[in-house]
1. Which value, in Å³ per residue, describes the convex hull spanned by the Cα atoms of the range 143-236?
2. Within the range 279-305, whose backbone N sits under 13 Å from a point 7 Å along Cα→Cβ of ILE338?
3. Could you state the principal axis extents of the C-alpha atoms in the range 199-431, from the largest down, to the nearest angstrom?
4. Which log10 I(q)/I(0) values does the range 240-376 give at q = 0.13, 0.19 Å⁻¹ under the Debye formula, counting every alpha carbon as one identical point scatterer?
5. Using the beta-carbon distance between LEU437 and CYS347 and R0 = 60 Å, what value does 1/(1 + (r/R0)^6) give for FRET efficiency, to the nearest 0.05?
6. Leaving ligands, DNA and RNA out of it, report the carbon-plus-sulfur percent of the accessible area of the range 199-431 at a 1.4 Å probe.
7. Hey, can you find the accessible area per residue of the range 199-431 for me, probe 1.4 Å, expressed in square angstrom?
8. With all protein chains present and a 1.4 Å probe, how do SER328, SER107, SER94 order by accessible area, largest first?
Amino acid sequence: LRPGSGSRQQDPLGGAEGLALASDPGGTLNFLAMVDNLQGDSGRGYYLEMLIGTPPQALNILVDTGSSNFAVAGVPDPDVTSYFNTELSSTYKSQGIDVTVKYSQGSWTGVLGTDVITMPKGIYGSYTINIATILESENFFLPGVKWHGILGLAYDALAKPSSSVETFFDSLVRQAEIPNIFSLQMCGAGLPVSGSGTNGGSLVLGGIEPSLYRGDIWYTPIKEEWYYQVEILKLEVGGQNLELDCREYNADKAIVDSGTTLLRLPQKVFSAVVQAIARTSLIQEFSSGFWTGSQLACWDKTESPWSLFPKLSIYLRDENSSRSFRISVLPQLYIQPILGIGENLQCYRFGISSSTNALVIGATVMEGFYVIFDRAQKRVGFAVSPCAEVDGSPVSEIEGPFTTADVASNCVSSVSFHEPVLWIASYALMSVCGIILLVLIILLLIPPRCQHRYTDNDVVNDESSLVRHRWK
């Protein structure tokens, strides 16, 4: 790709051939044409316009790096202004396979098929893609959203109903012969969440656009190829280390997910962060409802609350495992304007929440950075985004390198939880249940005097054999 400005920048394509491809305005890739191809905000997500079918039907598609299915509304929905009518497309082919996807909020059920897509501000050309038409949904399409489908950009391990469903981006890499890398910039820093207008952003498919970042790109390895799972070493609030075991930050995974609105933290980490922010902020008494998301905090519009709160820093392991770097967000990113009251008051929400099963670097943090998903070299890169400014001042920082001598050599659980392992575990549990059932049948056939009288404590509860879903 075109050379970057910092010593940390490397050419993901690995040579002059990549330079020629990226700089050829008549070729498949023209990164400048992809700049500002997104609209949206951190509250309702960022979306890309896509033309689907023949003749083309224009739909807005949510960009989500935390799931792997490409799906669009296939029937009218009260919260959706447009949908993909398969009967009007001469190139649509149904596969007749039902698919259900569940997220941390919402779910949908639909049918798999294929059709051709083009992107007015994306890669040149049309491509045949697996597409799920959503026939039923629950808490997925919400009031006020301006998108009509979802573009899952994670790995095929998360694809439903199985990893054999080729993902959207894998199809592009294969058919368009582009490099296996994409990058994402979301420009909503300091702007109202879910406001009346939309903010810009850029999804660059096939590489890196130098105008979308400043300084160096810092890379952290992808630990597992399902979500974009990374390794977090420590957190600081106002420059003070939380002093937690580093495994707490990765319980049970840490991922980079554009489809999640907030910075989500495991409960123990969340509690420590809230206590540290409350302790270091200049506000003596603050409602607990603000921290839990049930209440907004309001200030006079002439005041800026951001000066009252500390900086938040996340340390990620560098590609050189003995080093780390930190990405920092100022309160302009996590104290988010959401509602104006009358002429005098502006209300804000807390852009951090607790999570039961992951640390999720969502839009709250990602709006501060240009994020590179370098699948070819199994790494995620972060660089400061020029649009991450409020009142002309940057609200995000990247610094490094730092030594990792003060943290464990591995902060990620050695147990892998992605779905192939879950299937193996499920089959193993089914086998055990089968053996137990066989033993019970044999015991029932034994004369009564030899039978054991079972108590309630001996019964295997159905819940004991359930495997937790690891879906987003």
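1. 190
2. 289-298
3. Here the spans come out as 63, 43, 34 Å, largest first.
4. Calculated log10 I(q)/I(0) at the listed q: -0.59, -1.21.
5. Here the calculated transfer efficiency is 0.55.
6. Values: 4590 of 9110 Å².
For the range 199-431, the apolar C and S fraction of the accessible surface comes to 50 percent.
7. 39
8. Reading off the accessible areas and sorting them downward yields SER94, SER107, SER328.
The values are calculated or read from the model by the stated rules, or taken from the named source; none is laboratory data. Model, not experiment: these values are computed from the prediction. Positions of Cβ are backbone-derived with ideal geometry, glycine not excepted, and every protein chain shown enters the neighbour counts. Accessible surface areas use protein heavy atoms only, side chains included; no ligands, DNA or RNA. Shrake-Rupley method; radii C 1.70, N 1.55, O 1.52, S 1.80 Å.
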